[in-house]
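The values are calculated or read from the model by the stated rules, or taken from the named source; none is laboratory data. Predicted model, so just to flag it, every value in this text is computed and none were measured. Every residue, glycine as well, gets a Cβ built from its backbone with ideal geometry; the counts of neighbours run over all protein chains shown. Heavy atoms of the whole protein, side chains included, go into the accessibility calculation; ligands, DNA and RNA do not. Shrake-Rupley method; radii C 1.70, N 1.55, O 1.52, S 1.80 Å.
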Amino acid sequence: MAATRFADVVSVDDFINAQTSKNTEKCTLRDVKLFEEYLLSRKVVFIDISDIDPKELNTYLAEFFISARRADGTDYEPSTLRAQLSSIDRYLRQKHYEHSLILDKAFQTARNALSAKQKSLKKAGKGNRPNAARGLQQEEITALYNKDVLSLNTPRTLINTLWWNNTLYFGMRSGQEHRDMRWGDVTLHTDPSTQKQYVEYNERQTKTRSGIDPNNIRKVSPKAYSTSGDPHDARDPCSAFKKYQMMRPKSMNVDGAPILPIHTHCYSDNFS
């Protein structure tokens, strides 16, 4: 019998949910739970927030954004409040709520309250991102190699080096992006014009390029060229990749297998 042209669809909702980032799902549930705690503190009777009348929900949300604090009593960052609105809106859309918190006029008051609270927080000095990540200085990078945090000497330090190279050369940021990389996404090549080796990354879905926008793709696949050709040089991305390829379990050298192990604590400090 010829193969059917169309796959069976068991559940549309299940398929959509399966494509949602685990981190996004976790944040959504956390923010919705916080809003539910606020409603309970107001003695609001509800089974699910999607059952609340839009007019009442608009008022509750406005009051929530004005009054919400961290567990230690300090204010949230302005961007956190905006993320909470997105989380609650996302949850309601999953529940097929008839209104959009972000677009519909029915929730203009809630959005105005959020905007006013964000302005108030900015005046108080919030939103300046005091904990924003900064780039490593060259001497700090050198120290990582000198102290054998990055090296080709043990399974643990070799994995650290692969993680660092994937971040440095291929732009991997979140832990999820590293975990989603698969064997076959990174391949070893030789430049015919210079005879220098390089590793090339062929991107799948990432946090910033999820596949929703077909135009949001890398125009050129990122490459990391060999810097020394020395097989023992941990700073050479090709040497690190070839050492990892050689020491990696053969059963894992198949397309689709994770590039980096999920549980690095299981690895010993020697290759025996």
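Structure summary
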quantity	calculated
Trypsin sites (Lys or Arg not before Pro) within segment 110-178, DSSP loop, no more than 14 other Cβ atoms inside 10 Å	Arg134, Lys147, Arg173
Prolate/oblate/rounded call for segment 106-179, Cα gyration tensor, a/c under 1.5 rounded	prolate
Chymotrypsin sites (Phe, Trp or Tyr not before Pro) lying in DSSP loop within segment 65-113, provided at most 14 other Cβ fall within 10 Å	none
Overall form of segment 70-122 per C-alpha gyration tensor (a/c, 1.5; a/b vs b/c)	oblate
At R0 = 30 Å, FRET efficiency that the Cβ-Cβ distance of Ile141 and Asn23 yields, to 0.05	0.65
Exposure rank, largest accessible area first [Ser87, Ser228, Ser251; 1.4 Å]	Ser251, Ser228, Ser87
Mean accessible surface per residue for segment 62-134, computed with a 1.4 Å probe while every protein chain stays in place, in Å²	61 Å²
With DNA, RNA and ligands ignored, accessible area of Ile52 (1.4 Å probe; Å², nearest 10)	10 Å²
Solvent accessible area, Å² - Met246, 1.4 Å probe, full protein context	120 Å²
Solvent-accessible area, 1.4 Å probe, carbon plus sulfur percent, for segment 47-152	50 percent
